[in-house]
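The values are calculated or read from the model by the stated rules, or taken from the named source; none is laboratory data. None of the values given here were measured: they were computed from a predicted structure. Here the Cβ is made from the backbone with ideal geometry for all residues, glycine too, and neighbour counts use every protein chain on show. The accessibility values were calculated without ligands, DNA or RNA, using every heavy atom of the protein model including side chains. Shrake-Rupley method; radii C 1.70, N 1.55, O 1.52, S 1.80 Å.
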Amino acid sequence: MTNPLLSDWTTSFDLPPFDLIDDTHFAPAVDAALDQARANIAAITDDSEPTFANTIEALSLADAPLEKALAPFYALAGADSNETRDALMRDFSPLISSYMSEITANAALFARIETLWEGRDDLGLSDEQSRVLMLVHRSFVRAGAQLKGEQASRLADVKQRLSVLGTQFTQNLLADERSWFMPLNDTAGLPDFVIAAAKSAGEEKGADGPVVTLSRSLIVPFLQFSDRRDLREKAYEAWTARGANGGDTDNRAIAAEILKLREERAHLLGYENFATYKLETEMAGAPDAVRKLLMQVWEPAKASAEADAKILEDMLIADGQTAPLQPWDWRYYSEKRRAAEHDLNEAELKPYLQLDRMIEASFACANRLFKLDFTPIDAPLYHEDCRAWDVTRDGKHMAVFIGDYFARGSKRSGAWCSAMRSQQKLAGDIRPHVINVCNFAKPPAGEAALLSYDDARTLFHEFGHALHQMLSDVTYTEISGTSVARDFVELPSQLYEHWLEVPEVLEEFATHADTGEPMPRDLLNRMLGAATYDMGFSTVEYVASAMVDLGFHDGPAPADPMQKQAEILESIGMPSAIRMRHATPHFAHVFAGDGYSSGYYSYMWSEVMDADAFEAFEANGGPFDPAMAAKLEQFILSAGGSEDAAVLYQKFRGSMPDATALLKGRGLAA
């Protein structure tokens, strides 16, 4: 039987033929692709005079066979895992790491890059080519290309071990999330949408009745509404204990080893610590700049949260419960307070926030801003829950967009955007294949999927990332789409969330699941008026996580990360009724890979810009101002990493912002 991963694809838009791909195809395809990629690299290092075309451009295209084999695999491994795919991921991680280390340790290849770098002023390069040359040279240097002998060998071993540990961390977390559920024999206080989601989860788990799982889309509303304090405690403790349950899936020792290896990696490359190494290429530049921003936000957020905690504890005591207020009590009493003070509760809102209508809303905003059209297409995808659209502008194909919205046991938690294929022009006019993955509660058959307001924000957030990919207009994959500084990558996604708050958008698309009636203006005003409600809580749990991440990497690696976590939280005065959003054993942003390590702060760094950027729209014709939309596309969304992030932002806005707009937007300004 022909391996489809090693054949030309005749599918619509050159999508992977998921209906033909079997798990047995991946290993031989990756082996063959690695052989071809190595041959491509070897061909670059012949005796010819190095040029930008025969070295940098050839290097950019060398991995194409590997990307073709791995793109569908990574889509499946993250969103529809099974034991076979988990095992393949464990096998592939060290193989890919070893291959990447081979490239950066290839002395002949680096010599060519170095020759081009040293003579760059005489090469007649375009601005985009100059940027790519700088990025490629810098990535080789930061990957250890200048190291020799034992140091080079040790760095390769460290990176390979880190790739293995990151995969293991992720799979342990998924195993804990997949295995735990709590039969729900008492539904007191739970609205119908939570009960329906629990029944659907019970069916997936093969349980005899409704269950609570560790999916955020189910456990959060359970914590908001369940009258049973004992059950809230049981569920909350299971949720926060992911990765720390002992046995084969415990992540605490893995986290410690990862931190130690990252420190060694930084030292081998000549850096004082991993945070200094990691932040060198980000907008923040150095750990002190990150800490300054986080503490600027921490103090007002903590003061707000502590004031809220006193009110919630009084409510708890008035309820006849025993103080103090506990973390599993916060969401429950906060929801009651929101209902009382804003005449608003999630059960009232949810029927107006249908998944399908919110997808339509995200598309409609993109159409008004960027003239994009979305047409459903019938294509073989990796799971029956996925759907796909052809994205066009003025009749021209721009991208394929795939949405995978529902939680399931085979999908890792959280929400993310990925590209199975990135935009580029080097190998032709290649348009991207972009996936948004979410974990919304799946409704019973025949019923509409309903979102919380936070869910709807998540949908818009991930679609902002998708727009960054879809509107990319560069030549090289190295600077395509979201290939930007980590603390800049969240700008488009967080900025796009603002369009969900535009009243005219909600008036059109927030329609009742049963009646089709638009959300009443009074309810809409109450919802938007409560947009900054409980912001002290959400800011504290986020900033605490970012401070722990920074503290792990901005100094000697801790022998006991859990002790270090406790010390950091004590030093900043963490309120006792709030826990950090991502405790170390399930902090996948930081430990599943290097992506957000020393970089979890980046959401807030980007938020400083997104608050300022949306103010620019409001000050210049409103949220759909065509001139501002054109500038946003030109300097941010289509530009990718073609220039330094600060330069791009200043071209868009004129200057860099401070945290004033952020604090104002979060309702934390003095």
In the chain, with Lys and Arg counted as +1 and Asp and Glu as -1 at Cβ, which of these residues, TRP9, ALA613, LEU381, has the Cα nearest the positive end of the dipole, that is, farthest along it? ALA613
Kirkwood Rh in Å, taken over all unlike Cα pairs in region 503-617: 17.0
What does the highest-first list of 312-323, 154-165, 12-23 look like by mean Cβ count within 10 Å? 154-165, 12-23, 312-323
How high is the relative contact order of region 103-233, in percent, with contacts defined as C-alpha pairs under 8 Å that are six or more residues apart? 18
Based on the Cβ-Cβ distance from ALA43 to LYS396, what FRET efficiency comes out when R0 is 35 Å, to the nearest 0.05? 0.50
Where the eigenvalues come from the Cα gyration tensor of region 439-549, what are the semi-axes √(5λ) of the equivalent ellipsoid, largest first, in whole Å? 29, 20, 15
The summed charge of the ASP612 Cβ neighbourhood (under 13 Å; Lys/Arg +1, Asp/Glu -1) stands at -3
Given the -39500 (n - 2.57) contribution per DSSP H run of 4+ residues, what per-residue ellipticity at 222 nm results for the chain, rounded to the nearest 500 deg cm²/dmol? -17500 deg cm²/dmol
Rough spin-label spacing in nm, given labels placed 7 Å along Cα→Cβ, for THR84 and ALA303: 5.9
Check VAL212: other-chain or 5+ apart residues with amide H under 5 Å from its amide H, H built from backbone geometry? MET182, LEU184
Added length on full extension, which subtracts the Cα-Cα distance from 0.36 nm per residue, HIS342 to PHE13: 113.6 nm
Treat the chain as a sphere of radius equal to its Kirkwood radius over Cα pairs and apply Stokes-Einstein at 25 °C in a medium of 0.890 mPa s; give the translational diffusion coefficient in µm²/s, rounded to a whole number. 94
Heavy-atom accessible area of TYR74 with all protein chains present, probe 1.4 Å, nearest 10 Å²? 100
Quick calc, region 1-107, dipole around Cα centre from Cβ unit charges on Lys, Arg (+) and Asp, Glu (-), nearest 20 debye, gives 140
Length-normalised contact order of region 570-670 in % [C-alpha pairs under 8 Å, at least 6 apart]: 23
Sequence gap of 8 or more, or different chains, plus Cα separation below 24 Å: how many lysine pairs satisfy both in region 229-311? 5
Report relative contact order for region 287-425 in percent, whole number only (criteria: Cα-Cα under 8 Å, sequence separation at least 6). 10
When you count, for each residue, the other Cβ atoms within 10 Å and take the mean per peptide, how do 128-134, 565-571 rank with the highest first? 128-134, 565-571
Rh by Kirkwood over Cα pairs, then Stokes-Einstein D for region 607-670 at 0.890 mPa s and 25 °C, µm²/s: 200
Let me know the volume per residue of the alpha-carbon convex hull for region 140-211, in Å³. 134
Taking amide hydrogens as modeled 1.01 Å from N in the peptide plane, which residues meet the under 5 Å criterion relative to ILE377, leaving out close sequence neighbours? ALA388, TRP389, ASP390
Under unit Cβ charges (Lys, Arg +1; Asp, Glu -1), what dipole magnitude, rounded to 20 debye, does region 334-445 have relative to its Cα centre? 380
Compactness of region 301-407, expressed as Rg and Dmax over alpha-carbon positions, Å: 21.9, 64
Expressed as a percent, the portion of alpha-carbon pairs in region 249-351 spaced more than 22 Å apart is 61
What Kirkwood Rh does region 96-203 have if only Cα atoms enter the pairwise 1/r average? Answer in Å. 18.5
Taking every DSSP beta bridge that has both residues in the chain, what percent is antiparallel when rounded to the nearest 5? 80
Find the Rg to Rh ratio for region 481-529, where Rh is the Kirkwood radius over alpha-carbon pairs and Rg uses the same atoms. 1.20
With charges set only on the Cβ (+1 for Lys and Arg, -1 for Asp and Glu), what does the dipole of the chain come to about its Cα centre, in debye to the nearest 20? 740
Taking r as the C-beta separation of TRP416 and HIS383 and R0 as 22 Å, the FRET efficiency to the nearest 0.05 is 0.90
Extreme residue, positive dipole direction of region 323-375, given options ALA347, TRP330, MET358 (C-beta unit charges): MET358
The answer for the net charge of residues other than ARG131 whose Cβ lies under 14 angstrom from its Cβ, with Lys and Arg +1 and Asp and Glu -1, is -4
What is the gain in length, in nm to one decimal, between ASP230 and ARG138 on full extension, counting 0.36 nm per residue of separation less the C-alpha to C-alpha distance? 27.7 nm
Putting +1 on Lys and Arg Cβ atoms and -1 on Asp and Glu Cβ atoms, find which of GLY246, PRO443, PHE181 reaches farthest to the positive end of the dipole of the chain. GLY246
Whole-percent pair-distance distribution, where bins are 10 Å wide, for the alpha carbons of region 261-319: 21, 26, 20, 17, 13, 4
Quick query: amide H of LEU450 versus all other amide H atoms, modeled in the peptide plane; which residues come in under 5 Å with a sequence gap of 5 or more or a different chain? LEU355
Per principal axis, descending, Cα span of region 1-118 in whole Å: 48, 31, 24
What's the extension gain from LEU20 to LYS425 if we count 0.36 nm per residue and subtract their Cα-Cα distance? 143.0 nm
Separation of region 39-112 and region 146-169 by C-alpha centroid, Å? 16
